[in-house]
1. Specify, per residue and in Å³, the volume enclosed by the convex hull of the alpha carbon atoms belonging to the range 339-479.
2. List Val396, Val214 from most exposed to least, where exposure is judged by having the fewest other Cβ atoms within 10 Å.
3. Nothing charged except the Cβ atoms of Lys and Arg (+1) and of Asp and Glu (-1): what's the magnitude of the dipole of the range 339-479 about its Cα centre? Round to the nearest 20 debye.
4. To make sure I understand, if each residue's beta carbon is the centre and we count other beta carbons within 10 Å, what order do Ile116, Ile312 fall in, fewest to most?
5. 7 Å from Cα along Cα→Cβ at both Glu254 and Ser26: what's the point-to-point distance in nm?
6. Quick one, what does Rg over Rh come out to for the range 11-184 if you take C-alpha atoms and the Kirkwood Rh?
7. Only counting other Cβ atoms within 10 Å, I'd like Tyr65, Tyr392 sorted with the fewest neighbours first.
8. Need the full-extension length gain, Gln395 to Thr470, defined as separation in residues times 0.36 nm minus the C-alpha distance. One decimal, nm.
Amino acid sequence: MPRFSFTSLYSRLLALMVLGLISAFSFSNYVWLYFLEGQRQQQGESMARDMAFSVGSTMEFIRAYPRDYRHLIINQLRDMGGSRFLVSVNDNFIPVEPIRDSLTKQQFLDQFQRSIEEKLGQRLADLNVEFADPRFLHVYEADIRLVDLPPRWAQNTLILEPDPPPVLVAQVPVGDGEWLYLAGLLPDPYFLSENEYLDQGQLFFLTILLIVLVTIAWFVVRWMTRPLSNLAAAARQLGTDIHLAPLDEKGTREVKETARAFNLMQERVLRFVDDRERLFSAISHDLKTPITRLRLRAEMMDDENGVKPSMIKDLEELEAMVKGALDLGRSTDVHENTHPIDINQMVNTLKDDLALLGYPLEIRGMARWPFYGKPLALKRCLSNLVHNAAFYGTQVKLEIVDSRQELKIYVVDNGPGIPESDIDKVFEPYVRLETSRNRNTGGAGLGLSIARNIAHAHGGQLKLRNRISTGLEAAVLLPRR
């Protein structure tokens, strides 16, 4: 499973695809809602015109009759039908408690006012139009409410259960002391209700669809980036195990070409390592044989001038230098297989080896898990550091700090330390700082170089630093896989 981090190609592709899906959903829903809102506005304008024309026609019809006959006409309309409104004539204007204001309501009333003036051909300054809740609507004088009327009059047509929609109420004077009262429902009774373009069912469907698409995008991105993750893992492991199995050359054309190039690089590195091994073997054979012959001849020659001891010493130094150079070249031990290593057992072995030389080794901490690496090479790395600490100090401490991410091994002595300007130089081959750490002589100055090569071969680091009081600290930092 790839780690989710916005620095990886996997996470960025997945984030872009998810953002693209969310953006597409948001934009399409915005366009859809914009289209529906346009339709809603057109529907509101059409209903306002229709209601205005109906109210205007009813007003003209009532006005056409003399005052004494209007109540008869209204009763006839109530009993026999013929009007979509509850119609009454009152002596005074009846106050109406309006519903909550909204933009849709105001647009409807404005269009209604314009349309009824267009219908009647005059401006009605005293026309009062409002929307009211039918459960609290007063329709006659003496505080008579709509719900108090007989059901056949208006309740069956103006009060819809279980959620009564608002009623349009229009009042206009039709003579001296007479107010015509009309109340009716819109063709779409719930037009002014808070409209939810996306109800719970639609939202649930969109959520399921988005989850499905995101899941598909996750699998697609993972399928596309997995070969690259495998390539990165193989590149990391190549530094510790050159004999990895070749990568599978499958996937897209670009991934195939990348895997093929990696396999070709690994093949060339293997060929180079084999050539280097043959070169070291040849050097070892070609140099050791004449050195051995020269040493035998020096042993057998007459020492008339007293040069025999010096010659033998020079040959021994030459043999030691050749052996050190070959050890440096083979320090990574590329042919050693990696195995789980018991670090605690290894450092205890080093403690016993150092005790034979008369140097005590103090061990602090312990490894909580085995370390996967090359046992002989890693032991040689720690052995070089421990022996260096013993040679240049009187006390040697080895501390282990273990975690799931990294294994840290510190080797500390109480010697004179290293000048800060020379810390990087001591890793170079054949460099010995005898003036600052001259407690023992001997050696070719290759121990730290070999130790650092082994640490690098395990994907780690070897760092040196002077302690605050006295002594040198060598830190081997090995990442766990």
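Values quoted throughout were computed directly from the atomic coordinates according to the rules given, and no laboratory measurement underlies them. All figures in this text were calculated on a predicted structure; none of them were measured in a lab. Neighbour counts are summed over all protein chains in view; Cβ atoms, including those assigned to glycine, are modelled from backbone coordinates with ideal geometry.
1. Value for the range 339-479: 105 Å³ per residue.
2. In increasing order of surrounding Cβ atoms, one gets Val214, Val396.
3. In debye, rounded to 20, the range 339-479 gives about 140.
4. The order, fewest Cβ neighbours first, is Ile312, Ile116.
5. 2.7 nm
6. When Rh is taken as the Kirkwood radius, the ratio is 1.17.
7. Tyr65, Tyr392
8. Full-extension gain reported as 25.9 nm.
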